[in-house]
Amino acid sequence: MREMEHGLDDADLDLVAALQIAPRAPLNTVAEILGTSASTAGRRIQRLQQLRLLRFIGTVHWSLLTTGNPYVVWIKCRPGATVDVATAIRKVPQAQSLITTTGDSDIYCTLYPLPGTDPRRLLSRTLPEIPGIASIQSHLVLRSAREAFTWRLDRLTARQTEELRRQADALPGAAPAGLGPLNEIEFRTLRLLVEDSRISAARVARELDVSRSTAYRTIQSLLESGAVRPRVEIEPAVLGFPITALFTLDVQPRHIPAVLTALGEHSCARFTVMTAGPASILHHGVFTDEDHLSRFVTDDLGTLPGLNGLNTLIALSVLRRQWIDRDDDLLLGPRAHDILSPVHG
């Protein structure tokens, strides 16, 4: 049985792939679809969690979390200052992701304008005042074609995939443009789902001192509205995709929709957005090796219409995704809880 660098074997990878499709499906059902036992699947999940390789989280819809669209930010550092600058950015609550890179920038990060944030001050004073930063470029995200929670391992059979999709919680076909304000029970339930997207109605009922039926209805309402989307958080490197590449593409305006759709639907895609900047599209892809990356550049990017220019950066280290700090693919500490504190009301 094949074993990955972090000790994952084929059965682990199958289990992760199944849970990426149906993060909240009952474990006995997932195990049956995979042809194993619930106890074995449970032990495998527990092991991955104890090793800090895997976590079940919830991704909150932008309109509940922020006062506007996020910004992607490219930072050049003074020689020898990259580590110190990255450490300082980790203390910025609005920094949702943080990656050190090769190429013409040393650090890439995404900034989400949390309630109470002044984006102008954040981008013109807070970040530039960090010692060691030489220059900053920030680009507003205009449209999203792919978000990380939709990236999945492609290793299960068609039958297994279909059965798992039937087990998945009902979710909206497309992300809603906006959501109304949450009541107190909804907000407190949302916080629990963000920290553990497999949390049961029974546990929510105990935590919030409400009836189990109320807890169940609230969970389903949050899931079905798109307020929160359950996901398995695990670094792609752990799953056999050690290369993360960040591409910025200069595309002729009339071709932007087609290119955005094509890249957002590509199997390598984790984050594909249209931005207001010199390059109109930003695309994050994950790859098994250098040959996989080179084939994507020549065979896939090379056939896109209206492409005027391309810049590629490679991730040296992923320091944060989804507000979870990480080190050498390990998921550190709890998520930044204050990102949700201003949502209600």
Original post:
Put +1 on the Cβ of each Lys and Arg and -1 on the Cβ of each Asp and Glu in the chain; which of A258, P79, T66 then has its Cα farthest toward the positive end of the dipole?
Top reply: T66
Original post:
Leaving out ligands, DNA and RNA, what percent of the accessible area of the chain is carbon and sulfur, probe 1.4 Å?
Top reply: 49 percent
Original post:
T29 accessible area, nearest 10 Å², 1.4 Å probe?
Top reply: 30 Å²
Original post:
Ordering E32, E163, E224, E235 by how much accessible area each has at a 1.4 Å probe, largest first, what is the list?
Top reply: E32, E224, E163, E235
Subject >> Extension gain (nm, one decimal) between A276 and T288, 0.36 nm per residue minus Cα-Cα >> reply: 1.3 nm
Original post:
Counting only heavy atoms of protein chains, what accessible area per residue, in Å², does region 186-332 have with a probe of 1.4 Å?
Top reply: 40 Å²
Subject >> Which of D12, D104 is most accessible, then next, and so on - probe 1.4 Å >> reply: D104, D12
Original post:
What ³J(HN,Hα) values, in whole Hz, does the Karplus curve 6.51 cos²θ - 1.76 cosθ + 1.60 give for region 15-27 when θ = phi - 60°, with x put for Gly and Pro?
Top reply: 5, 4, 4, 5, 6, 5, 6, 10, x, 10, 5, x, 5
**OP:** Provide the per residue accessible area, probe 1.4 Å, for region 50-164, rounded to a whole number of square angstrom.
**Re:** 46 Å²
**OP:** May I ask for the distance between the Cα centers of region 100-166 and region 241-280, given as a whole number of Å?
**Re:** 13 Å
Subject >> Dipole of the chain [Lys/Arg +1, Asp/Glu -1 at C-beta], most positive-end residue of F149, A227, L8 >> reply: A227
Original post:
Mean separation of Cα pairs under 8 Å and 6+ residues apart, divided by the residue count of the chain: what relative contact order is that in percent?
Top reply: 25 percent
Original post:
Taking 0.36 nm per intervening residue step and subtracting the Cα-Cα distance, what contour gain separates S39 from T126 on full extension?
Top reply: 26.4 nm
Original post:
So which residue, out of V210, V141, V228, gets the largest mean-square fluctuation from a GNM of the chain using Cα contacts under 10 Å as springs?
Top reply: V210
Original post:
What 222 nm value per residue comes from the helices of the chain, counting each DSSP H run with n ≥ 4 as -39,500 (n - 2.57) and dividing by all residues, nearest 500 deg cm²/dmol?
Top reply: -8500 deg cm²/dmol
Original post:
Which value, in debye to the nearest 20, gives the size of the charge dipole of the chain about its Cα centre, when Lys and Arg are +1 and Asp and Glu are -1 at the Cβ?
Top reply: 920 debye
Original post:
So how do I185, I45 rank on accessible area, 1.4 Å probe, biggest first, that is with the largest at the start?
Top reply: I185, I45
Original post:
When all protein chains stay in place, what accessible area (Å², nearest 10, 1.4 Å probe) is found for D84?
Top reply: 110 Å²
Subject >> Percentage relative contact order, region 212-337, counting C-alpha pairs under 8 Å, at least six apart >> reply: 27 percent
Subject >> Under-5 Å amide H pairs with I243, H placed in peptide plane, nonlocal only >> reply: F287
Subject >> region 52-69 - phi-based ³J(HN,Hα) in whole Hz, Karplus 6.51/-1.76/1.60, Gly and Pro as x >> reply: 6, 9, 9, 8, 9, 10, x, 9, 8, 4, 3, 5, 8, 9, 10, 9, x, 5
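The values are calculated or read from the model by the stated rules, or taken from the named source; none is laboratory data. Since this is a predicted model, take the numbers as computed values, not measurements. Cβ sites come from the backbone with ideal geometry, for glycine too, and all protein chains shown count toward neighbours. Heavy atoms of the whole protein, side chains included, go into the accessibility calculation; ligands, DNA and RNA do not. Shrake-Rupley method; radii C 1.70, N 1.55, O 1.52, S 1.80 Å.
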